[in-house]
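S.K.: My structure is below; once you've seen it, I'll send some questions.
The values are calculated or read from the model by the stated rules, or taken from the named source; none is laboratory data. Remember, it's a predicted structure, so these values are computed and weren't measured experimentally. Here the Cβ is made from the backbone with ideal geometry for all residues, glycine too, and neighbour counts use every protein chain on show. Note: accessible area is taken over every heavy atom of the protein model, side chains too, but ligands, DNA and RNA are not part of it. Shrake-Rupley method; radii C 1.70, N 1.55, O 1.52, S 1.80 Å.
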Amino acid sequence: AQSVAQPEDQVNVAEGNPLTVKCTYSVSGNPYLFWYVQYPNRGLQFLLKYITGDNLVKGSYGFEAEFNKSQTSFHLKKPSALVSDSALYFCAVRGSGSARQLTFGSGTQLTVLP
Amino acid sequence: DTAVSQTPKYLVTQMGNDKSIKCEQNLGHDTMYWYKQDSKKFLKIMFSYNNKELIINETVPNRFSPKSPDKAHLNLHINSLELGDSAVYFCASGRGDREKLFFGSGTQLSVL
């Protein structure tokens, strides 16, 4: 069975500082990894994905994520946080041999303080 | 035009009632999904349809029945609503395993 762990329910960071939202995964086969963001009362929006290739993936709104196979991690990062980045962030994984089921982590609430 | 639209946005009903949530996507995707988000924001897949055929059916009570009249629509019918059904239900669509999902804005279901 595949799973995703987001060890931090809440991450607080000051505006202008770098941010990291952690994600580790467990899956059989090669992983397809995704980050989504959810703003209040909205559906999830895609940020970025890792399928294959470079371990550093760049996505929307200046976010990037680093795939680390040995640590089975896919942490989300941004060099300089904005107050508008405050939202709920979900990591998700799908195994390359699975029946199209995307498993989500429990979410991390990011708060960027002005 | 909204890519994935679901109606209604809010649904307040009494225990024991039957209700439906509708979802439509205009992206030409072949796969559609229903997800349930509970009060702790945890997201769990309920159903997945590919070209009108059910391909994922997680452990969901039989009271929940998806219906896909065509590739662009996936409706969710819920019979005999219970208090524990209160949640936000999201519809989503996608093109393939490697591609991102597009989500609707959610239906907030409150069972009283």
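S.K.: For the stretch B:11-44, what are the residues that are at the interface with chain A (Cβ under 10 Å from one of its Cβ atoms) and either open to solvent by 10 Å² or more (accessible area, probe 1.4 Å) or not in a strand (DSSP E or B) (or both)? Give the steps one after another, and end with the answer.
M.R.: Initially, the stretch B:11-44 is screened for residues at the interface with chain A (Cβ under 10 Å from one of its Cβ atoms), giving B:31, B:33, B:35, B:37, B:40-44.
If the condition is that a residue be at the interface with chain A (Cβ under 10 Å from one of its Cβ atoms) and either open to solvent by 10 Å² or more (accessible area, probe 1.4 Å) or not in a strand (DSSP E or B) (or both), then B:K40, B:K41, B:F42, B:K44 are the ones that fit.
S.K.: How about the stretch A:14-48: which of its residues are charged (D, E, K, R) and over 11 Å from A:C91 (Cβ atoms)?
M.R.: A:E15, A:R42, listed by residue number.
S.K.: List every residue pair whose Cβ atoms sit under 9 Å apart, with the two residues 6 or more apart in sequence or on different chains, where the first one lies in the stretch A:49-67 and is among the hydroxyl-bearing types (S, T, Y) and the second, anywhere, is at pLDDT 90 or above and open to solvent by 30 Å² or more (accessible area, probe 1.4 Å).
M.R.: Short answer, once both residue conditions are applied: A:Y50/A:E66; A:S60/A:Q45; A:S60/A:F46; A:Y61/A:L82; A:Y61/A:S84.
S.K.: Another one. Among the residues in the stretch A:91-99, are any within 24 Å of B:K40 (Cα to Cα), open to solvent by less than 60 Å² (accessible area, probe 1.4 Å), touching a Ser or Thr at 6+ places or on another chain (Cβ under 6 Å) and within 14 Å of chain B (Cβ to nearest Cβ)? If you could, list the steps in order and put the result at the bottom.
M.R.: Step one: list which residues in the stretch A:91-99 are within 24 Å of B:K40 (Cα to Cα), which gives A:91-94.
Checking the rest, the ones that are also open to solvent by less than 60 Å² (accessible area, probe 1.4 Å) come to A:91-94.
Filter once more, so that each one left must be touching a Ser or Thr at 6+ places or on another chain (Cβ under 6 Å): A:93.
Then drop every residue that is not within 14 Å of chain B (Cβ to nearest Cβ), which leaves A:93.
Checking the stretch A:91-99: at least one residue is within 24 Å of B:K40 (Cα to Cα), open to solvent by less than 60 Å² (accessible area, probe 1.4 Å), touching a Ser or Thr at 6+ places or on another chain (Cβ under 6 Å) and within 14 Å of chain B (Cβ to nearest Cβ).
S.K.: Residues being touching a residue at least 40 places away in the same chain (Cβ under 8 Å), in a strand (DSSP E or B) and open to solvent by less than 60 Å² (accessible area, probe 1.4 Å): count how many of those fall in the stretch A:1-46.
M.R.: Total meeting the criteria: 21.
S.K.: In the set B:E82, B:E58, which member is within 11 Å of chain A (Cβ to nearest Cβ), of a type outside the set (S, T, N, Q) and open to solvent by 20 Å² or more (accessible area, probe 1.4 Å)? Walk me through it before giving the result.
M.R.: Details: B:E82 fails: within 11 Å of chain A (Cβ to nearest Cβ).
Selected residue: B:E58, the only one of B:E82, B:E58 that is within 11 Å of chain A (Cβ to nearest Cβ), of a type outside the set (S, T, N, Q) and open to solvent by 20 Å² or more (accessible area, probe 1.4 Å).
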